[in-house]
Amino acid sequence: MSRASVTVSWLIFSILILLSAKLFIDSDGESVYSWAILLMIPIPLFLIISFQTKDQNIETDFGEKIMVENDEFNEIEKKAEDPLEIGFDIPIL
């Protein structure tokens, strides 16, 4: 279903560009409709990108990757240095 949706979105994207170009050429760039159609072009692009990212999220398994990253993060030694040695002043309240 997602593959069909992406194909339809690409088709709509192409039709909008061609229709806008035709109206633009016919009216010598003075048609409001050609500019309005150009403004609608991001809608099918948004659908294409959202369908593709949804498919990629389903195909990849992030659970194991997150566990490995957490293990690596826990191995880092945390050591705070003395602020006076670094050069910071201690504020007096």
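Structure summary
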item: Potential lengthening between LEU11 and PHE46 on full extension [0.36 nm per residue; Cα-Cα distance subtracted]; result: 11.3 nm
item: Which of ILE43, ILE92 has the fewest Cβ neighbours within 10 Å, and the rest in rising order; result: ILE92, ILE43
item: Nitroxide proxy distance, nm - points 7 Å out along Cα→Cβ at TRP35 and LYS54; result: 3.4 nm
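Read-outs: derived from the displayed coordinates by stated rules, not from any lab. Bear in mind that the values here come from a model prediction, so they are computed numbers and not experimental data. Backbone-built Cβ (ideal geometry, glycine too); neighbour counts: all protein chains shown.
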